[in-house]
Amino acid sequence: MSRIFITGSTDGLGLAAARTLMKEGHEVVLHARSRERASAISEISAAALGIVIGDLASATETRSIAEQVNAIGRMDAVIHNAGIYLERSRGETPEGHAKTLAVNVLAPYLLTAWITRPDRLVYLTSGMHRSGGSALDDIDWKKRPWNASQAYSESKLYIATLAAAIARHWPDVLSNAVDPGWVPTKMGGAGAPDDLEMGHLTQTWLAASDAGAAKVGGGYWYHRQRREAAAEVTDPGFQDALVGRLGELTGVRLFAERR
């Protein structure tokens, strides 16, 4: 039995992953953006180990989420499932960041730094990461005209790269990125063509399975198969440049020595 925390677990892939893991006998900690969202899943949350509440668009609330999780106890795995898709505008978080960057990249970065280090980390990316770019000078969209699709693609490139960087810097942690495919969730839309079941079963498998194939790090996965990611993802120079940039934006250094 493992203890697993899943961000964004009130609907879609996160909720499906939570249901699967709980059915398998694991202890699951859920996450909701607000108390209203939490009340919508009261049936499953009653059977969960706990539910934490906070908006990932806010660094202050993200810090609170980490503290709530740590108060429950050390997790064996964390699935960074939460994300947003095509935002109409750049938006601005309380810290002044683009909302897509904040929720899809900065929040998982901060949670990784602040939650007691687990044995396994799973980050949800997308095949659209291949449309991201290697330029890191304006990742917060302060200079460029807003482009929702490009911002999303870049955020998914960054999160896949972060997963690979963690696997390189923390070899004792099984850190992987998962492309769930274009699946029919609220985010993906009813007409999405990929398999919803396989969309969440890959991350639950990587988070909890004892199968040898699942006990690896540094992978980019699609439907339980390793795939080749964009070249930037596995480039140590790009990894370190990105992590350095995220450290500048958040004021938090990820790879400082800590336990």
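Bear in mind that the values in this text are calculations on the coordinates, not laboratory data. Small disclaimer: the values here were computed from a predicted structure and weren't measured. Note: ideal-geometry Cβ built from the backbone for every residue, glycine included; neighbour counts use all protein chains shown.
A few remarks follow.
- Projected onto planes of every orientation and averaged, the convex hull of the alpha-carbon atoms in the stretch 55-131 covers 5.5 nm².
- Additional length obtainable on full extension of the chain from residue 255 to residue 168, 0.36 nm per residue less Cα span: 30.2 nm
- When the chain is treated as a Gaussian network with alpha carbon springs shorter than 10 Å, the biggest mean-square fluctuation among 225, 239, 68 belongs to 225.
- Comparing Cα centroids, the stretch 201-259 and the stretch 69-138 end up 12 angstrom apart.
- Selected from 50, 96, 132 as most flexible by GNM, with the chain as the system and alpha-carbon contacts under 10 Å: 96
- log10 of Debye I(q)/I(0), alpha-carbon scatterers only, for the stretch 54-98 at 0.13, 0.15, 0.16, 0.23 Å⁻¹: -0.39, -0.50, -0.56, -0.91
- Within the listed set 144, 227, 117, the residue fluctuating most in the Gaussian network model of the chain (springs between alpha-carbon atoms under 10 angstrom) is 144.
- Were the residues from residue 226 through residue 67 laid out at 0.36 nm apart, the gain over their Cα-Cα distance would be 53.9 nm.
- Residues of the stretch 100-122 falling in the label zone of residue 146, defined by backbone nitrogen less than 11 Å from a point 7 Å along Cα to beta-carbon, are 100.
- 222 nm mean residue ellipticity, helices alone, for the chain (DSSP H n ≥ 4; -39,500 (n - 2.57); rounded to 500): -11000 deg cm²/dmol
- Relative to the compact-globule estimate of 2.2 N^0.38 Å, the Cα radius of gyration of the stretch 1-155 comes out at 1.05.
- Here the gap between residue 42 and residue 89, fully extended at 0.36 nm per residue and compared with their Cα-Cα distance, gives a gain of 13.7 nm.
- Within the stretch 217-258, backbone nitrogen closer than 16 Å to the virtual label 7 Å beyond the Cα of residue 117 toward Cβ: 217-218, 253-258
- DSSP assigns beta bridges within the chain; of those with both partners inside it, close to 10 percent run antiparallel.
- Cα convex hull of the chain - mean projected area over all directions, nm²: 12.6 nm²
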